[in-house]
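A short write-up of the structure that comes next.
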Amino acid sequence: MANTEYYLGAGDVHPIDVVETLAEHYDWDFDRVAEDQIAMAVEGSWRTYSITLAWSAFDDTLRMVCTFEMDPPSATLPALYHALNEANDICWAGSFSHWADQRLMVYRYGLLLAGDVSAGPEQIDQMLTAAVAACERFYPAFQLVCWGNSTVKDAMNIAMTEAYGRA
């Protein structure tokens with residue numbers, strides 16, 4: 001992401017300005033909701049992910065929420081929650097939740113920037129990339145558990161398997 005430094009210049013830049021520059025660079029649809037918040041749509045292989053980032057000056061945290069729709073049958077919720085726990089044991093940079101009332105699967109992460117630390121474009125790009133990668137990795141496992149009559153163990157084995165090549 002070194003090429004984004006050309007666009008941003010040196011010095012302290014508001015984290016949401018950095019996100020906006022990245023969204024423009026990648027040609028993502030985005031909306032600057034407020035001075036401290038941006039929402040965007042990022043196309044993945046499985047889904048289009050809605051990503052919202054918000055800056056909190058109160059606790060110097062850049063919060064990211066990456067969501068996709070998921071309304072599993074209520075009978076599969078215990079297995080889904082088990083799969084979420086398994087996924088969260090693997091994801092060190094964020095965590096999954098299921099917001100049943102909103103019918104959304106959520107991947108969350110908070111980047112702490114206390115002590116006048118600023119987030120660079122590489123750091124924010126990595127945060128966004130990790131969120132989409134985690135959603136792409138575990139989406140098939142969540143689907144298998146909820147609709148494919150798969151055990152959590154078998155579904156998580158799918159998520160753990162590295163694919164090589166392209167079909």
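The values are calculated or read from the model by the stated rules, or taken from the named source; none is laboratory data. Bear in mind the structure is a predicted one, so any value in this text is a computation, not a measurement. Cβ coordinates were reconstructed from backbone atoms using ideal geometry, including for glycine residues, and neighbour counts include every protein chain displayed. These accessible areas exclude ligands, DNA and RNA; they are computed on the full protein's heavy atoms, side chains included. Shrake-Rupley method; radii C 1.70, N 1.55, O 1.52, S 1.80 Å.
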Sulfur and carbon atoms: percent of accessible area, the chain [1.4 Å]: 50 percent
Fluctuation leader among SER45, SER97, SER56 - the chain, Gaussian network, Cα springs under 10 angstrom: SER45
The chain: most fluctuating residue of TYR107, TYR26, TYR81 per GNM, C-alpha cutoff 10 Å: TYR26
Radius 13 Å from Cβ of CYS135, net charge of other residues (Lys, Arg +1; Asp, Glu -1): 0
Summed side-chain charge close to GLN102 - residues other than GLN102 whose Cβ falls under 12 Å, Lys, Arg +1, Asp, Glu -1: -2
About the Cα centre, charge dipole magnitude for the chain (Lys/Arg +1, Asp/Glu -1 at Cβ), debye: 800 debye
Degrees between helix 15-26 axis and first principal axis of the chain (Cα, 0 to 90, nearest 10): 70 degrees
Full-stretch length increase - GLU24, ASP36 - with 0.36 nm per residue and alpha-carbon distance subtracted: 2.6 nm
Exposure ranking of ASP89, ASP154, ASP17 by accessible area [1.4 Å probe, largest first]: ASP89, ASP154, ASP17
Selected from GLN123, GLN143, GLN102 as most flexible by GNM, with the chain as the system and alpha-carbon contacts under 10 Å: GLN102
Difference of contour (0.36 nm per residue) and Cα-Cα distance, ALA93 to LEU112: 5.6 nm
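What does the helix-only formula give at 222 nm for the chain: each DSSP H stretch with n ≥ 4 adding -39500 (n - 2.57), the total divided by the residues, and the result rounded to the nearest 500 deg cm²/dmol?
About -13500 deg cm²/dmol.
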Solvent-accessible surface (1.4 angstrom probe) belonging to HIS82, in square angstrom, nearest 10: 90 Å²
Theoretical FRET efficiency, 1/(1+(r/R0)^6), r = Cβ-Cβ of ALA100 and ARG63, R0 30 Å, to 0.05: 0.90
Residue-normalised accessible area of the stretch 10-167, given per residue in Å² at a 1.4 Å probe: 56 Å²
